Amino acid sequence: MDIRPIRTEADHDWALAEIARYFDNQPTPGTPDADRFDVLADLIEAYEDRNFPIEPMEPIDFLRAHMEATGRTQADLAALFGSRPRASEVLNRKRALTLDMIHKLSSEWHIPADCLVRPYHLVAA
């Protein structure tokens, strides 16, 4: 199968080049090429997780990024929460997200709840 561990940046570059060829010509599931693709993807992911960890975003930063990516505004958040001042306070870190707010964001906007339940700092009043 010509697969090797990824221990160095050169190994990583090799694995990326090897997997890139499958992007234009995706292998048929269940074939040896599909198995090779899966193993390479797992090795690359493990190496990148170990060497390039990404810290999770704070909930409000995540919420803002989601709003920007989906074209939502503070007015949309206010409509979801049922209060313009509450939406403003949340976005300005003057009020913490409540369980009810997290549930609404998760069920209505499809934001994973686990991205919103992390502790974060509020600004002093």
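Every read-out reported here was derived from the displayed coordinates using simple, explicitly stated rules and does not represent laboratory data. Note that the coordinates shown come from a computational prediction; the quantities given were computed from them, not determined experimentally. Because the Cβ atoms are built from the backbone with ideal geometry, glycine has one as well, and the counts that use them run over all protein chains shown.
A few points about this structure:
- Coarse-grained scattering of the range 10-50 at q = 0.15, 0.20, 0.27, 0.31 Å⁻¹, given as base-10 log I(q)/I(0) from a Debye sum over alpha-carbon atoms: -0.34, -0.58, -0.92, -1.08
- FRET E, pair residue 4, residue 58, Förster distance 41 Å, beta-carbon r, rounded to 0.05: 0.60
- Rounded Å value of the spacing that divides the Cα centres of the range 13-46 and the range 61-124: 38 Å
- Seen through its C-alpha gyration tensor, with square-root eigenvalues sorted a ≥ b ≥ c, the range 1-104 comes out prolate because a/c lies at 1.5 or above while a/b is bigger than b/c.
- All-pairs Cα distance distribution in the range 59-115, expressed in whole percent, bin size 5 Å: 4, 20, 36, 32, 8
- With both labels modelled 7 Å from their Cα along Cα-to-Cβ, the residue 13 to residue 49 distance reads 2.6 nm.
- Only helices enter the 222 nm calculation for the chain: every DSSP H run of n ≥ 4 contributes -39,500 (n - 2.57), and dividing by all residues gives -19000 deg cm²/dmol, rounded to 500.
- Among 67, 101, the ranking by other beta carbons within 10 Å of each residue's beta carbon, starting with the fewest, stands as 67, 101.
- Potential extension, residue 84-residue 103 segment - 0.36 nm per residue separation minus Cα distance: 5.0 nm
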